[in-house]
Amino acid sequence: MPLSEHEQKMLDEMERQLFADDPRLARAFAPNAPPRRSGRRIVIGLGAVVVGLGVLVLAVSLPAVWLGVIAFLGMLAGAIYAVTTPGGPSKGSGGGGGGAGPRGPSAPQGDRSGTFLNKMEERWEKRAGDDPRL
């Protein structure tokens, strides 16, 4: 169901206000374009797969199991290199609280960087602690 003209104007105004008040939060919710794959990465990866396949055929013709394992690992690495996108860690995996386990009571109360699962786990633990049946 499409929005009316008035609702659309209100939504646009709310969006502008969000960008003005908290631009970092607004960027976090902005739609991101999917990362593009580089043609050069695909060519290099496919080249590694073809070379690995050639070495694998050579390893089968010779009784060299270790050479076959190395060829297979090279083919696997080339395929992974071809299908992945370049770059470091994504924006969302930066400094969040998703590392070493659940956040303890020593975490600051104003910290909003925890993941959804950590927050749900904290709620669950709080409920379990308040349960008189235990």
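Taken together, the values in this text are just the output of simple stated rules run on the coordinates, not laboratory data. Fair warning: this is a prediction, and the values are worked out from it, not measured in the lab. Glycine gets a Cβ as well: all are built from the backbone with ideal geometry, and neighbour counts include every protein chain shown.
Descriptive notes on the structure:
- 5 Å binning of all Cα-Cα separations within the stretch 38-85, expressed as whole percents from 0 upward: 5, 29, 26, 17, 12, 7, 3, 1
- Net charge, residue 19 excluded, C-beta distance under 13 Å - Lys, Arg +1, Asp, Glu -1: -2
- Site pair residue 69 and residue 124 shows an inter-label distance of 3.9 nm when each label is modelled 7 Å from Cα along Cα→Cβ.
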